[in-house]
Amino acid sequence: MSKLTISTAPHFHSGNTVSAAMRDVLLALSPALVAAIYFFGFGAIKVIFTCIIVAMFSEFLAQKIRGQAITLNDYSAVVTGLLLAFCLPAGLPCWMAAIGAFIAIIVGKQLFGGLGNNLFNPALVGRAVLLASWPAAMTKWIKPFDGLTTATPLGMLKAGHSDLPSLKQLFIGNVGGSLGETCALALLLGAVYLFYKGQINWRIPFSYLGTVFVLTAIWGWTQGNSWEYPIYHLLSGGLILGAFFMATDWVTSPITPKGKLVFGIGCGLLTVLIRLQGGYPEGVCYSILLMNMATPLIDRYTKRRVFGGVGRSA
């Protein structure tokens, strides 16, 4: 008879590691990185390079001061720096991008205890602080290739412009906006890779995008807009970047299957509310941060009951 060994969980190790997962995310973001440099040129390179270098230095500094092991080789600081850069306009001064990266790592991550303990997505924390501190610089968008200032498609849509970019331009990325959010094609290619590697599942991104699509379709129908209106919302702004690469953050999103759906629907509701009724044309950043705050509560009420346990009424 073979020996039965009883031990505490976890009983199996998937073989996946933090560094391997972060490398997959970086590979998934590489098409959007190429697209950002192609459309916005040297301005994109400056902002991306600044964010990554400052994020890595901030991580090193915080861990050195706290006497912890230096974990730059897990690539998490690089991912945070790159995601933050993708949320910024190409013309943002480098010193502002540096402050955003510093805040993302120190305030959004290390003050909570480091990787795995943060409540909010660090990159979005950095972006939110920059937007609150320098709103003019953070909303000064550059038109691809020629460097002239322009409005984002969502800004034009909210202002009621009639000469909106086409859906094809939105899909390819030849529009004004933040560095990594304009090319839907590149982001979707990266998302397919993350699904293939099993780093994310469908619940959060599909419930997020589905909620935005349904609500904007209903709103558009009541306002007499064309069938393109909800698709315009899907392809504009940071929705695809946020749905696949930020809302799915393993640390700051729910762990239960039902919780993931609730989280995605909540992000969608808040995004549509901010876009249609708020002062900003975009709502992805704040919607994800607000739902990050609700994650512990969502997990608490959607976790499975322990086998053999008593019901709540008892």
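Observations
- Estimated [θ] at 222 nm from DSSP helical runs (n ≥ 4, -39500 (n - 2.57)) normalised by residues in the chain, nearest 500: -19000 deg cm²/dmol
- For residue 109, a cut-off of 17 angstrom between C-alpha atoms picks up these aspartates and glutamates, skipping any fewer than 8 places away in its own chain: 59, 74, 249.
- With the convex hull of the Cα atoms taken as the outline of region 1-157, the averaged projected area works out to 13.0 nm².
- Ordering 255, 293, 138 by Cα displacement along the dipole of the chain toward the positive end leaves 255 in first place; charges were set at the Cβ atoms of Lys, Arg (+1) and Asp, Glu (-1).
- Debye, to nearest 20: dipole size of the chain, +1 on Lys, Arg Cβ, -1 on Asp, Glu Cβ: 920
- Sorting 156-163, 101-108, 290-297, 83-90 by average packing, meaning the other beta carbons within 10 Å per residue, from highest down gives 83-90, 101-108, 290-297, 156-163.
- Within region 168-314: Cβ-based charge dipole about Cα centre, in debye rounded to nearest 20 (Lys, Arg +1; Asp, Glu -1): 720
- Rounded tilt (10° steps) of 94-106 against the dominant C-alpha axis of the chain: 20
- Candidate residues 288, 255: accessible-area rank, largest first, probe 1.4 Å: 255, 288
- For residue 66, net neighbour charge (Lys/Arg +1, Asp/Glu -1) across residues whose Cβ lies under 15 Å away: +1
- In the chain, inverting the average of 1/r over every pair of distinct C-alpha atoms gives 20.3 Å as the Kirkwood radius.
- Relative to the dominant Cα principal axis of the chain, helix 122-133 is inclined by about 40°.
- The relative contact order of the chain comes to 17 percent, based on Cα pairs under 8 Å that sit 6 or more residues apart.
- Extension gain, residue 30-residue 228: 0.36 nm per intervening residue step, less the Cα-Cα distance, totals 68.4 nm.
- Members of 46/260; 64/303; 197/303 lying beyond 32 Å, as alpha-carbon distances in this model show: 46/260; 64/303
- Taking the C-alpha atoms only, the angle from helix 257-277 to the longest principal axis of the chain is near 20 degrees.
- Student exercise, region 101-250 dipole from Lys, Arg, Asp, Glu Cβ charges, in Debye to nearest 20: 220
- For the chain, with +1 on Lys and Arg beta carbons and -1 on Asp and Glu, the positive-most of 76, 31, 241 along the dipole: 76
- q = 0.17 Å⁻¹, region 186-256: log10 I(q)/I(0) [Debye, one scatterer per Cα]: -0.66
The values are calculated or read from the model by the stated rules, or taken from the named source; none is laboratory data. In this text, all values refer to a predicted model and were calculated from it rather than measured experimentally. Here the Cβ is made from the backbone with ideal geometry for all residues, glycine too, and neighbour counts use every protein chain on show. Ligands, DNA and RNA are excluded from the accessible area calculation, which covers all protein heavy atoms including side chains. Shrake-Rupley method; radii C 1.70, N 1.55, O 1.52, S 1.80 Å.
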